[in-house]
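Read the structure below first, then the notes.
The values are calculated or read from the model by the stated rules, or taken from the named source; none is laboratory data. Just so we're clear, the structure is a prediction, and the values are computed from it rather than from any experiment. We place every Cβ from the backbone using ideal geometry, glycine too, and count neighbours over all the protein chains shown. Surface areas here come from the heavy atoms of the whole protein model, side chains and all, with no ligands, DNA or RNA. Shrake-Rupley method; radii C 1.70, N 1.55, O 1.52, S 1.80 Å.
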Amino acid sequence: MKSANFKTFCDSMEDVARDIVRACRRGARTIAAMPWPAMLVCCILLAFVISILPLALFLFVLFMGVKIVAGAFVIDRRRTVREQ
């Protein structure tokens with residue numbers, strides 16, 4: 001039973017890898033067929049997605065964490081005032 005599950009998993013991973021390679025090849029062919037101005041716009045958008053978007057997501061998570069920690073201190077202070 002274990003080997004059948006492992007074989008199914010390996011087959012699934014091979015399918016995923018094949019799909020990723022196929023998508024990369026298709027993207028490379030599309031980029032190779034683009035004119036220079038369109039390729040420039042594509043590169044600028046790709047740079048935006050790679051650099052700005054992760055930064056925005058990181059800052060969102062960071063500020064949400066700060067908000068939760070600050071909220072915990074406020075709730076603790078209110079609880080101690082209410083208990084006195």
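With a cut-off of 18 Å, note down the residues of the range 12-42 whose backbone N falls inside the zone around a label point 7 Å from the Cα of PHE48 toward its beta carbon. From the range 12-42, the list is 37-42.
Relative to the longest principal Cα axis of the chain, at what angle does helix 2-32 sit, 0 to 90 degrees, rounded to 10? For helix 2-32, the angle is close to 70 degrees. Taking all protein chains together, GLU14, GLU83 sort by accessible area into GLU83, GLU14, largest first [probe 1.4 Å]. Accessible surface for ARG78 stands near 150 Å², nearest 10, in the context of the full protein assembly shown (1.4 Å probe). At full extension, VAL16 and LEU59 could sit 12.3 nm farther apart than now, given 0.36 nm per residue minus the alpha carbon distance. Pairwise Cα separations in the chain fall into 5 Å bins from 0 onward with the following percentages, short to long: 3, 11, 8, 9, 9, 9, 10, 10, 9, 7, 6, 5, 3, 1, 0. Rolling a 1.4 Å probe over the protein heavy atoms leaves ARG77 with an accessible area of roughly 150 Å².
With runs of 4+ DSSP H residues as the only contributors, calculate the mean residue ellipticity of the chain at 222 nm using -39,500 (n - 2.57) per run, divided by the residue total and rounded to the nearest 500. When only DSSP H runs of four or more count, the value is -34500 deg cm²/dmol. Against the longest principal axis of the chain, how steep is helix 36-83, in degrees 0 to 90 to the nearest 10, with axes from Cα atoms? The two axes meet at around 20 degrees.
Tell me the per residue accessible area of the chain using a 1.4 Å probe; a whole number in Å² is fine.
Heavy-atom accessible area per residue stands at 95 Å².
Computed with every protein chain present, the accessible area of THR80 is close to 60 Å² [probe 1.4 Å].
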